[in-house]
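Inspection log for the structure reproduced underneath, given as structure tokens.
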């Protein structure tokens, strides 16, 4: 690969929260949540039957679910230390958990979450360039995992004897997008001249649209892509394996919560839902995260996962109950942990950081 290019000064991201846009997003998201949880999921299985199944679950199963949750929360702190040299595990936990709470708890909170990540990382002594690279890399690898594991999910359903072929088109689309994204990333990192040519090609593709969309008339992808390459080069060439393992760990531990909930509701002494079927349903349903209607794919992922489980032979009430337990266990506690992490950071490093920065992200 080419030598590491010199990195230009990196400007901190600004969190501009458009109130009108946030209200619209909140209303749209709320409408979809109501439709999914009021109409879609009840059409698959009864909430009353699901609640009865949860109540029949023994205390041992509840303990196993808590252990799986703690393991998931523990692994969740590995991504930023994998991407940002010098960041400790507990600092990484603080950054990722706080960003999760903001991004998933605030309508349109993604921009604010990025700004908070930037502020927290730089307050922990990570340079501006390394901070930008870490945020970009973690975001990219999260998308790679979201696109890649559904392919394994389709294979898991096929191997288990279920109708994995019914989701083959989804897997092929995900594979094509993933392969294209990885190829472009490799090309950009491998050669600066090649990255420049790709950006120029992108400018040509945007040119016809720029005639009708005023905001595109001043867009130039060349400096943006070269700056991106400069910032992410070191992470991709030196830390991609660690980052892949960390993101994969998050995926598997979150799936573990669903699986132990499913088996706990069915009863550990019964045959129940096969591991590969549960994995396939979970993996394929994660594509719902790519539909940015509700925060964290709430509702869309759940409905998709329940429908696949039921289609693969899981009892309707059991599938709904397991999905509800999974969502409650993997979402609510993490929001709480994230809020506590944000408060803890602000009480220590946050105040000092805010008073020493000449330019701070706008809230």
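Quick note: the coordinates plus some simple rules give every number you see, no bench work behind them. This structure is a prediction, so every number in the text was calculated from the model and none was measured. Quick reminder, even Gly has a Cβ in these numbers, built from the backbone with ideal geometry, and neighbours come from all protein chains shown.
Summary of computed values
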item: Spin-label proximity, residue 348 to segment 111-153 - amide N less than 20 Å from point 7 Å beyond Cα toward beta carbon; result: 116-127, 131
item: R0 of 41 Å, Cβ-Cβ distance residue 90-residue 204: FRET efficiency to nearest 0.05; result: 0.30
item: Förster radius 22 Å - calculated FRET efficiency between residue 316 and residue 71 (Cβ-Cβ, nearest 0.05); result: 0.15
item: Where labels lie 7 Å past Cα in the beta-carbon direction, separation of residue 197 and residue 56 in nm; result: 6.4 nm
item: Inter-site label distance for residue 271 and residue 63 at 7 Å from Cα along Cβ, in nm; result: 3.0 nm
